[in-house]
């Protein structure tokens, strides 16, 4: 009984360390990125739209100005990775 329990526990530990924990860390970073968003930031949405944040509302939305005009997006639609790449490229 003891011998069959050890590999099962080891498997759960490996799954937690390599799959669940990194995913939780990434979700926390994305939530912090959305909370730290401020007017004037240049961002990229997950759909690929590049623009500048004009206004941030309390309801979780923001208005982004792009070449096509002003559009309203959810904060969660802004890509953390693409926005960082755009900021690092300059």
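Looking at segment 5-13, can you tell me whether even one residue there is in contact with a helix residue (DSSP H, G or I) (Cβ under 9 Å, 6 or more places away or on another chain) and at pLDDT below 90?
no
I'd like to check which helices (runs of 4 or more DSSP H) are fully inside the chain and have at least 2 residues that are surrounded by 13 or more Cβ atoms within 10 Å (Cβ to Cβ), touching a residue at least 40 places away in the same chain (Cβ under 8 Å) and under 13 Å from the mean Cα position of the chain (by Cα).
21-36, 80-89
Look at segment 49-71 and say how many of its residues are at pLDDT below 90 and within 13 Å of residue 82 (Cα to Cα).
0
The values are calculated or read from the model by the stated rules, or taken from the named source; none is laboratory data. The model shown is predicted, which means the values in this text are computed figures rather than measured ones. Reconstructed Cβ throughout: ideal geometry from the backbone, glycine too, with neighbour counts over all protein chains shown.
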